[in-house]
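Chemist: Got a structure for you, written out below as structure tokens; questions coming shortly.
The values are calculated or read from the model by the stated rules, or taken from the named source; none is laboratory data. As the structure is a computational prediction, the values presented were derived from the model and not from experiment. Positions of Cβ are backbone-derived with ideal geometry, glycine not excepted, and every protein chain shown enters the neighbour counts.
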Protein chains: 2
Amino acid sequence: MKYLLVLLLAGLTSSAQIQKEQLNLMPWPQSVVLNEGNFALTKNFKVNITGNPNPRIFGGVTRFLRRLDGRTGIFFEQGFIQKLNEVPTAEVQINCTKSGKIGLYEDESYHLDIKQNRITINATSDLGALHALETLLQMLQNNSTSFYFPNAQISDFPRFTWRGLMIDAARHFQPVDVIKRNIDALAAMKMNVFHWHLVDDQGWRIEMKKHKKLIELASDGEYYTQEEIKNIVKYADERGILIVPEIDVPGHGSSILTAYPEIGSKVMTINGGTQEKNIQGTAIATYGIERNAGIFSPTLDPSNPKTYQLLSEIFDEVCPLFPGSYFHIGGDENEGKDWDANPKIQEFKKKNKLATNHELQTYFTMQLVPMLKKHGKQLMGWEEILTKNMSKEAIIHSWRGPNEGVAPGQSLVDAVKKGYKTVLSNGYYIDLMYPVESHYLNDPMPKGADLSAEEKARILGGEATMWTELATPTTLDSRVWPRTAAIAERLWSAEDVKDVANMRKRLETVSFRLEELGLTHIRNRAVILRNIANNQNIKSLNEFSNVCEPLKGYTRNKGGTEYQMYSPLTLFADACTPDAKDALAFDEAVTKYLANKTPENKTRIIGFFNKWIAVNKGLIELSANAPLVQALLPLSKKLTDASQELLFVLDNKSTLKSEDLKNLIEQCNTKEHADVELAVYNSLKKLI
Amino acid sequence: MKYLLVLLLAGLTSSAQIQKEQLNLMPWPQSVVLNEGNFALTKNFKVNITGNPNPRIFGGVTRFLRRLDGRTGIFFEQGFIQKLNEVPTAEVQINCTKSGKIGLYEDESYHLDIKQNRITINATSDLGALHALETLLQMLQNNSTSFYFPNAQISDFPRFTWRGLMIDAARHFQPVDVIKRNIDALAAMKMNVFHWHLVDDQGWRIEMKKHKKLIELASDGEYYTQEEIKNIVKYADERGILIVPEIDVPGHGSSILTAYPEIGSKVMTINGGTQEKNIQGTAIATYGIERNAGIFSPTLDPSNPKTYQLLSEIFDEVCPLFPGSYFHIGGDENEGKDWDANPKIQEFKKKNKLATNHELQTYFTMQLVPMLKKHGKQLMGWEEILTKNMSKEAIIHSWRGPNEGVAPGQSLVDAVKKGYKTVLSNGYYIDLMYPVESHYLNDPMPKGADLSAEEKARILGGEATMWTELATPTTLDSRVWPRTAAIAERLWSAEDVKDVANMRKRLETVSFRLEELGLTHIRNRAVILRNIANNQNIKSLNEFSNVCEPLKGYTRNKGGTEYQMYSPLTLFADACTPDAKDALAFDEAVTKYLANKTPENKTRIIGFFNKWIAVNKGLIELSANAPLVQALLPLSKKLTDASQELLFVLDNKSTLKSEDLKNLIEQCNTKEHADVELAVYNSLKKLI
């Protein structure tokens, strides 16, 4: 009891005034002022809502209470909030002037005022109030015994109006629960657009009541029912998120053409008279759901009236499921091979004076504009749709960069100069496993492009894109989070908020907190490692995963045929993530040591080497009963060999020639093992 | 390379003939014969299906391939299986004579024959073939470099036809993904009934299109849409699982009466003339969704014709959602308080010559029989429905035992003697946190009851019941699994398969393998502990959770009001489980030491004590920045104090008086901290 008292006092006295640098807010608000004093959390904590908000705020506050409950274990009395002004005397008062409209350009600003006995949230719309609640959750502090909010005044609003995440549900189907928890995470990061990539070569994912073949033949039974889609749209609406659906045409057409081969562009030579002939006298090609990754030739036939009839009917069925004002029609990566080889299409081009395949694609895309307009939707497409005759109402989605042989985000500048609105995704390809820093410093507003205010205003914002050739429902979250939180900050916060070290520090807490929303990015690492370890202790594997990163860019699954879309991806690379934890810590230690060779700094480095030598020993032991560990041993041996020699180097006891030492380290610069690379290679090199 | 070769050879030579005792099959098959030799897995592994199975086998085999893929990382070529005889030359051949019917008494037997280059599965129905595939997955073995199946002949069939799990979706709503993954686990354990408790005081969980009030007023927005229900029924059917829905009446009626108070039994005294009067001149009572746990008085009025009209309409809407032949109407825990206090109901009893409330309830229940029969459904209810006038077609669900003041499973014997079919749940209440052993040794066939063969045949089987007053979607799986796997074995395997130690050994692997189905029973422990640790290292917390168990029986949440149904339950007790891992290991070590006081045996014990002393230190450190750890410190201190003294005892250096030592150990026999108990108390006591 005496002991408890001591602790209690220690707790009370440790609620010292918190400094701004200690807050783990993300995205960082436009203005934060900290004041002396705290708001203490008690079981009687209650929230009251006034004004004219959309009813979504009731659910929003109820969820806020439960999350705060879960963190603190206080378990507040207040249960479900159902109406305005339920508890006029509540310590937390939320006032919203009007009902927030889901979409672009809505007022999402808020003022959050935390005082000793009162928290006030004022927002124009409930969307702003929802953001304020997320900020409040991030403000939570604790001493050793209790939880509190530091007194503060926060004023906040977004820099860009389009702050999105795309998830590809075509390559690897992502079930409803995966989508929902990611929508929760978007809301927590104050993002407001979920772009749902629903159709690609590898599958059609929307239940169709009129065109059932799309489901029966082109989905493998993996699709969202229309009710599930409506349910997700509602779920997103309740969290302030706009959904932008995508049906990718005219390229990426394998799944559509599996169901409707008669609108494909491929010409087949008839070798006999056994196949059914179409009116051109050529056979209708056969298509199949694509099982590999890559860019494929199946493309819709832009010269065939049936193509437009089908698409029009499809939009008539799909558009009403999505109340938002935007519809993404893809339009990317159409290489036109099948168009070039089809005499009928060539003739059509000539007849319509379309000089290039690009012009032909614009012709095609322009037919879709009225089909969407009929349902009140504006067309959006990947940057390839940007040609001279494209409607100025179309939104250009800028995605290509050096990997596609063009300047990064060049299309963004082109688009706004030509009068188009645009959204940036180049630099936000989170599926490619690049470090968070690269995404964080990638600003939608191009430097030195000399844009007018009007042109700048056409840059709506940005969108992280999560393609899923290599991501399953088990691994998706760890590919999206926490890096997307840094992108969220880029899109919300002031341009000058860009201190990478500070962002990293905050991101660690933000990532942990995302777990309370059901995100699996932390927990599923152990699941994959347990399987690899064959249910033996995963300590060594886990530590090894802390210095390994999945191959970056398009270097994993080269050629797209090593893994099929139905391969479950339960390998070591699937447990690893960018920004390997120990690699960052090691690099910091090396930098410190090189700047100042104190015994303490040396000891830290030695600690890493000894750990990796132990990891190697641990992996060898594991491998005796775990075949999946075998693939890691050569890589782990390379790191161990380098570590052992560098231990000598640190003590000036290495007997290796400089060249041999260099070669030893260079061994660690490899992409040949288990689809991962050693993220410590560059830091190791610094030591020799 | 040399190193790898050595490993490779070690691998090859280590595929020694496996022994039966090494297999981790569960439920244990009726007959297993192991033969020399193995079937080696390769990328070319393929399955072929012949005969006349239900098409569910195609999905079943496809899922089988993906699970084997995921474990082995081999990633087979074969993708989606869509029709019979696709690959006549495949190494795995499955033949089924007929399409399996979901329900009781279906032939679920199978023969599995594993030979060097050929695996053959023969089953009457695809349901048997699905079971065979689960057995085959459990047969998977590995050496250090590769995976294989040992040659074997297995013949198998279930002992009982009803092998069920009930999940209560009313107290804490359990979303679709939770239900689905638990259905997957049921199928993996060869269980065949999912009993879905959909209505209780705390909520109505079925979308109603005609009686919308049940959803609008009595669900808090947490319910299954009819499409979701149909989708789950289909999902279960594909896995061979029958769904038995439950609407609990006439007691447990708070949610129904929140929507339709006019059919409630409560009488309200009118104090003034301001309330709307009903025809009896009494006011209609108000009801609310219940937020606490317990037994409550709201009960449907059996004397009111409107009650039957509403129930009839409800069954008309709900029954068609469930194709199975059984409908559970609850019927439990009606204490009749409101009936006794209602003069109109008393009058009704008299008029209908119903001597007791039990007879009145039978009258009520008998009205439901034809409502269900109309939809081809047989009525099932908790044992309280068993009274002299109950229809012999009703299935009696035996649940009460010593806790309710009756002999365990007495109603089971009563029921079969009176000619009723029955299912046992007494002894399978997995929500009460008892050790797996107690459930495992609880046989549906009562000992010494002297039943005829005919009477025995009326014992259909058993059902694990997972009530969710204290289980959320985050924790549910860890309450259900792995213990339900042991119940599955009790219900499937031969009566004499009951070696607890052997079961425990197999259960460890089975539990690990359940993770591949998405079950969260292992992974979510770390999630809860990370939250408690406030994102600090969870090592100490995790180790402490290995000796703590949640309070058993009805001792947690005493009175039912400490936690509300909307409390998120993120406490230490929610991370702990029965059968605490280190407690079992410690008890084994103590037993060994006491039998033979070798230095080695002593060292093991000392190891535990030192670990717990370190844990205590670790928890104190954590608590400086984690308020939720505070509640654990007094308990951890008790274990540390005992450990420290017992270290002296082991060396004969204790200076404590025998009484004081006893008291010190007795300190560990406490239920006062953090809703858990120290699972090592009994073993500690053995040492003094």
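Chemist: What is the one condition in (1) in contact (Cβ under 8 Å) with a residue 60 or more places away in the chain; (2) of a type in the set (S, T, Y); (3) more than 14 Å from every other protein chain (Cβ to nearest Cβ) that A:Y429 does not satisfy?
Modeler: With (1) in contact (Cβ under 8 Å) with a residue 60 or more places away in the chain; (2) of a type in the set (S, T, Y); (3) more than 14 Å from every other protein chain (Cβ to nearest Cβ) applied to A:Y429, the lone miss is (1).
Chemist: Looking at (1) among the polar types (S, T, N, Q); (2) crowded, with 17+ Cβ neighbours inside 10 Å; (3) away from every other protein chain (no Cβ under 11 Å), which one does A:N596 not meet, given that it meets all the others?
Modeler: In the conditions (1) among the polar types (S, T, N, Q); (2) crowded, with 17+ Cβ neighbours inside 10 Å; (3) away from every other protein chain (no Cβ under 11 Å), A:N596 misses (2) alone.
Chemist: Let me ask you something else. Those residues that are within 12 Å of another protein chain (Cβ to nearest Cβ) and in contact (Cβ under 8 Å) with a residue 12 or more places away in the chain, I need them from region A:628-654; list them, please.
Modeler: Residues satisfying the conditions are A:L628, A:V629, A:A631, A:L632, A:L633, A:P634, A:S636, A:K637, A:T640, A:D641.
Chemist: Looking only at region B:397-419, how many residues end up being outside any helix (DSSP H, G or I) and surrounded by fewer than 22 Cβ atoms within 10 Å (Cβ to Cβ)? Steps first, answer last, please.
Modeler: Of the residues in region B:397-419, the ones outside any helix (DSSP H, G or I) are B:397-401, B:405-409, B:418-419.
Applying the additional criterion that residues be surrounded by fewer than 22 Cβ atoms within 10 Å (Cβ to Cβ) yields B:400-401, B:405-408, B:418-419.
Counting residues in region B:397-419 that are outside any helix (DSSP H, G or I) and surrounded by fewer than 22 Cβ atoms within 10 Å (Cβ to Cβ) gives 8.
Chemist: Looking only at region B:650-681, count every residue that is loosely packed, with under 15 Cβ neighbours inside 10 Å and closer than 20 Å to B:R604 by Cα and tell me the total.
Modeler: Going through region B:650-681 one residue at a time, the tally reaches 3.
Chemist: Would it be correct to say that A:V615 is buried (at least 22 other Cβ atoms within 10 Å of the Cβ), out of contact with any strand residue (DSSP E or B) (no Cβ under 8 Å at 6 or more places or on another chain), hydrophobic (A, V, I, L, M, F, W, C) and more than 10 Å from chain B (Cβ to nearest Cβ)?
Modeler: yes
Chemist: Residue check, A:E508 against (1) at pLDDT 95 or above; (2) under 28 Å from A:T670 (Cβ atoms); (3) not polar (S, T, N, Q), all met but one. Which one?
Modeler: It is condition (2) that A:E508 fails.
Chemist: Checking B:E77 against (1) among the acidic types (D, E); (2) within 14 Å of another protein chain (Cβ to nearest Cβ); (3) under 27 Å from B:T509 (Cβ atoms), which single condition isn't satisfied?
Modeler: Unmet condition: (3).
Chemist: Also, quick follow-up: If B:I49 satisfies every condition in (1) more than 28 Å from the chain's Cα centre (by Cα); (2) within 14 Å of chain A (Cβ to nearest Cβ) but one, which is the exception?
Modeler: Tallying (1) more than 28 Å from the chain's Cα centre (by Cα); (2) within 14 Å of chain A (Cβ to nearest Cβ), B:I49 fails exactly one: (2).
Chemist: Might you check whether a residue that is out of contact with any His (no Cβ under 8 Å at 6 or more places or on another chain), polar (S, T, N, Q) and crowded, with 21+ Cβ neighbours inside 10 Å occurs anywhere in region B:53-68?
Modeler: yes
Chemist: I would also like to ask the following. Report, by residue number, each residue of region B:204-238 that is of a type outside the set (F, W, Y), crowded, with 23+ Cβ neighbours inside 10 Å and away from chain A (no Cβ under 11 Å).
Modeler: Once the filter is applied, which keeps residues that are of a type outside the set (F, W, Y), crowded, with 23+ Cβ neighbours inside 10 Å and away from chain A (no Cβ under 11 Å), region B:204-238 yields B:R205, B:I206, B:L214, B:A218, B:I229, B:A236.
Chemist: Let me ask something else. With under 30 Å from A:R604 (Cβ atoms), free of Cβ contacts under 8 Å to residues at least 60 places away in the same chain and of a type in the set (D, E, K, R) as the only criterion, which of A:K552, A:K592 stands out?
Modeler: A:K592
Chemist: For region B:519-547, enumerate the residues that are more than 14 Å from every other protein chain (Cβ to nearest Cβ) and within 18 Å of B:T474 (Cβ to Cβ).
Modeler: Of everything in region B:519-547, just one residue is more than 14 Å from every other protein chain (Cβ to nearest Cβ) and within 18 Å of B:T474 (Cβ to Cβ), namely B:S545.
Chemist: Ok, one more. If a residue has to be surrounded by 20 or more Cβ atoms within 10 Å (Cβ to Cβ) and within 20 Å of A:I459 (Cβ to Cβ) to count, how many in region A:365-396 make the cut?
Modeler: Count: 12.
Chemist: Would you confirm whether any residue within region B:557-570 is within 30 Å of B:A188 (Cα to Cα), outside the structural domain of B:P473 (by TED's automatic domain parsing) and out of contact with any Asp or Glu (no Cβ under 7 Å at 6 or more places or on another chain)?
Modeler: yes
Chemist: Now, a different point. Filter region A:501-518 for residues that are among the hydrophobic types (A, V, I, L, M, F, W, C) and closer than 27 Å to A:F64 by Cβ; which is nearest to the other protein chains (Cβ to nearest Cβ)?
Modeler: Applying the filter and picking the extreme gives A:F512.
Chemist: Mind counting the residues in region B:443-468 that are more than 14 Å from B:G164 (Cβ to Cβ) and at pLDDT 95 or above? Full working, then the answer.
Modeler: Step one: filter region B:443-468 for residues more than 14 Å from B:G164 (Cβ to Cβ), giving B:443, B:445-458, B:467-468.
Then keep just the ones that are at pLDDT 95 or above; that gives B:443, B:445, B:451-458, B:467-468.
Matching residues across region B:443-468 total 12.
Chemist: Name, by its number, the condition in (1) facing another protein chain (nearest Cβ under 9 Å); (2) in a loop (DSSP other than H, G, I, E, B); (3) not β-branched (V, I, T) that does not hold for A:G70.
Modeler: (2)
Chemist: Scan B:A485, B:A464, B:A471, B:A494 and give me the residue that is closer than 13 Å to B:N182 by Cβ and either in a loop (DSSP other than H, G, I, E, B) or of a type in the set (D, E, K, R) (or both).
Modeler: Every option except B:A471 fails the conditions.
Chemist: Select from region B:286-309 the residues that are in contact (Cβ under 8 Å) with a residue 60 or more places away in the chain and surrounded by 23 or more Cβ atoms within 10 Å (Cβ to Cβ) and write down the one among them that is farthest from the chain's Cα centre (by Cα).
Modeler: B:P302
Chemist: Pick out, from region A:321-396, the helices (runs of 4 or more DSSP H) lying fully within it that include 3 or more residues that are touching a Leu at 6+ places or on another chain (Cβ under 6 Å). Show your work before the answer.
Modeler: Values: elements: A:337-340, A:343-351, A:357-373.
The qualifying helices (runs of 4 or more DSSP H) are A:357-373.
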